[in-house]
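The values are calculated or read from the model by the stated rules, or taken from the named source; none is laboratory data. Treat the numbers as computed from the prediction; the structure is a model and nothing was measured. Cβ: placed from backbone, ideal geometry, glycine included. Neighbour counts: every protein chain shown. Protein only, heavy atoms only, side chains kept; ligands, DNA and RNA dropped before computing areas. Shrake-Rupley method; radii C 1.70, N 1.55, O 1.52, S 1.80 Å.
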Amino acid sequence: MRIAVVGSGYVGLIAAVCFAELGHAVICVDNDTEKVAALQAGQVPIFEERLPELLARHRGEGLQFSTDLHLAARQSEVIFIAVGTPQAANGEADLSYVEACAREITAELDEYKVVVEKSTVPVLTNQWIRRTLRFNGAIDENYDVVSNPEFLREGTAIEDFLYPDRIVVGADSERARAVLRRVYQPLIDGSYYSLPSCVPGPRDLTSGARYMETSARSAELIKHASNAFLALKISFINAVSNICELVGTDVQEVSAGIGADFRIGSRFLNAGIGYGGSCFPKDVRAFYKIAESVGYDFDLLQAVEEINEAQKLSFLKKVRAALWTLKGKRIGVLGLAFKGGTDDIRESPAISIVQSLLAEGCIVSAYDPAAMEKARQTMADHENLRFACDEFDAARGAHALLVVTEWPQFAGLDLQRLRQTMLYPVMIDGRNLFDLNQMASAGFHYYSMGRPVTEPKLAPRMDMEYK
Ligand SMILES: NC(=O)c1ccc[n+]([C@@H]2O[C@H](COP(=O)([O-])OP(=O)(O)OC[C@H]3O[C@@H](n4cnc5c(N)ncnc54)[C@H](O)[C@@H]3O)[C@@H](O)[C@H]2O)c1
């Protein structure tokens, strides 16, 4: 099929590459000319596993990049809108980018095309897009507007797209439903998974991926409700972790016991410094606002947000408790991305913690395996902030080392070497990456989330004491 994808960010670029992988002819459009030039020149703008390989496979073949939305829409049967829907000042989703796309493509709806909301949008956006198309002169018979929310996770985006838990298509006409079934056919019938060239995935889907057809409104709600529920799960376990600290037990034992119940499940039950990223914070707020606008007070979501904010403060409190005073202290920070496996620092709790430490007069040396470049571009030059070349460089001479992003490689660090690099053997782990006994044996004063503080089992080296 001929497909246009508007937006070449985390979602648009992955969708475009994966549609090309499914055999479609795809034009990926962005109004950021630099981004498009870089993509045309073969650069890979985001850190995502398998993306370089798939871009190399399809660029210039089934996948083109362009800044010309009109041309792309004219040539396509299906137009996926995957532009940003950031949080507006009042907490609602800012849908102006979506509206701008709808306005622009209207002129090209001179024969039947399906316009697909791939961006995360509040319920009823579908009818606003229809209205925009109609007001700008589109004839009703020439289009349908479909909601096809995206559930990919950054870090495993390609795998998630090609091996989805479910594909949700919300359409109010059979004609549009038939078009979307053709788009996803190789995943629905499982034929993609039998190709010798298919990207390997986490499970066998040769009998086909789960494909769910709903109304447009339900599909829009499914996306917001899914993200809000995942955020709620995180805030729930964080609240439980606070109780664990107060009564002196270990949240990891508790969450293992809760998660063993298959009705609950163990995913998203890791206590930590809270959720971040470009989706959960804005989607929880937008869901709250859209509920309010239709007359429902979803105050449960307010509590989810409050607990999430409080986790960052609780982490900073631990840093203070571990170091007494903060001004002038040298702090090594492991992690800047909002989670492991990505270079995305949008709404990253790690960044906000670094900023708080700098505001308190700390001298920070930070390292992240993928997000250094983005952090350098985003964080204002600060005389007390240095970007380190690796974990040991970040830890060198530090009064404390903080873990704020759950990169698996941090969990495998040589702890003896790390401790010897540091000035004080103090680690404050906002992601519970380490085992308590392991840290005690390695000689650390170890603070984590929802677990008892551990003291070193080894006698402290004299030269480490209170320099
Ligand atoms: N990032 C995720 O993990 C994720 C997952 C699921 C859903 N989503 C949703 O998908 C949407 C996109 O998210 P993202 O992370 O890819 O955003 P992004 O900011 O990475 O990318 C958006 C892109 O759209 C482009 N754009 C904006 N207006 C445009 C226009 N008029 N014409 C052409 N291009 C335009 C921007 O230049 C940018 O490159 C959001 O609604 C988000 O909530 C994101």
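Within the stretch 29-43, the set of residues being of a type outside the set (Val, Ile, Thr) and more than 9 Å from the ligand (Cβ to nearest atom) comprises Glu34, Ala37, Ala38, Leu39, Gln40, Ala41, Gly42, Gln43.
Just one of the listed residues (Asp140, Asp204, Asp189, Asp144) is away from the ligand (no atom under 16 Å from the Cβ), crowded, with 21+ Cβ neighbours inside 10 Å and of a type in the set (Asp, Glu), namely Asp144. Taking each residue of the stretch 286-306 that is over 15 Å from Gln87 (Cβ atoms) and looking for partners that are charged (D, E, K, R) and modelled with pLDDT under 95 with beta-carbon atoms closer than 7 Å, six or more apart or interchain, yields nothing. Is it true that Glu220 is buried (at least 16 other Cβ atoms within 10 Å of the Cβ), of a type in the set (D, E, K, R), in contact with a strand residue (DSSP E or B) (Cβ under 6 Å, 6 or more places away or on another chain) and in a helix (DSSP H, G or I)? Spelling it out, Glu220 is indeed buried (at least 16 other Cβ atoms within 10 Å of the Cβ), of a type in the set (D, E, K, R), in contact with a strand residue (DSSP E or B) (Cβ under 6 Å, 6 or more places away or on another chain) and in a helix (DSSP H, G or I).
Of the helices (runs of 4 or more DSSP H) lying entirely inside the stretch 18-101, the ones with 2 or more residues being polar (S, T, N, Q), open to solvent by 60 Å² or more (accessible area, probe 1.4 Å) and at pLDDT 95 or above are found at 33-40. Counting only helices (runs of 4 or more DSSP H) that sit wholly inside the stretch 368-463, those with at least 2 residues that are free of Cβ contacts under 8 Å to residues at least 12 places away in the same chain are 372-378. For the criterion of being β-branched (Val, Ile, Thr) and without any contact (Cβ under 8 Å) to a residue 60 or more places away in the chain, Val11 fails.
Here Tyr296 meets each of (1) within 23 Å of the chain's Cα centre (by Cα); (2) open to solvent by 50 Å² or more (accessible area, probe 1.4 Å); (3) of a type in the set (Phe, Trp, Tyr) with one exception, condition (1).
The condition (being among the β-branched types (Val, Ile, Thr), within 23 Å of Thr132 (Cα to Cα) and more than 10 Å from the ligand (Cβ to nearest atom)) is satisfied by just one residue among Val83, Val17, Val26, Val114: Val114.
One line per residue, one yes/no per condition, for (1) away from the ligand (no atom under 16 Å from the Cβ); (2) under 24 Å from Tyr446 (Cβ atoms); (3) assigned to a helix (DSSP H, G or I); (4) outside the structural domain of Leu402 (by TED's automatic domain parsing):
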{"site": "Ile264", "(1), (2), (3), (4)": "yes, no, no, no"}
{"site": "Asn270", "(1), (2), (3), (4)": "yes, yes, no, no"}
{"site": "Tyr275", "(1), (2), (3), (4)": "no, yes, no, no"}
{"site": "Asp297", "(1), (2), (3), (4)": "yes, no, no, no"}
{"site": "Leu300", "(1), (2), (3), (4)": "yes, no, yes, no"}
{"site": "Ala322", "(1), (2), (3), (4)": "yes, yes, yes, no"}
{"site": "Val364", "(1), (2), (3), (4)": "yes, yes, no, no"}
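Quick grid of which residues meet (1) within 24 Å of Ala239 (Cα to Cα); (2) in contact with a Pro (Cβ under 7 Å, 6 or more places away or on another chain); (3) surrounded by fewer than 20 Cβ atoms within 10 Å (Cβ to Cβ); (4) among the acidic types (Asp, Glu):
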residue: Asn308; (1), (2), (3), (4): yes, no, no, no
residue: Thr325; (1), (2), (3), (4): no, no, yes, no
residue: Ala337; (1), (2), (3), (4): yes, no, no, no
residue: Ser356; (1), (2), (3), (4): yes, no, yes, no
residue: Gly361; (1), (2), (3), (4): no, no, yes, no
residue: Gln377; (1), (2), (3), (4): no, no, yes, no
residue: Leu385; (1), (2), (3), (4): no, no, no, no
residue: Phe392; (1), (2), (3), (4): no, no, yes, no
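Can you report the number of residues in the stretch 160-186 which are hydroxyl-bearing (Ser, Thr, Tyr) and open to solvent by 20 Å² or more (accessible area, probe 1.4 Å)? Final tally of qualifying residues: 1. Is it true that some residue in the stretch 319-333 is within 19 Å of Gly274 (Cα to Cα), among the charged types (D, E, K, R) and over 17 Å from the mean Cα position of the chain (by Cα)? Yes: one or more hits.
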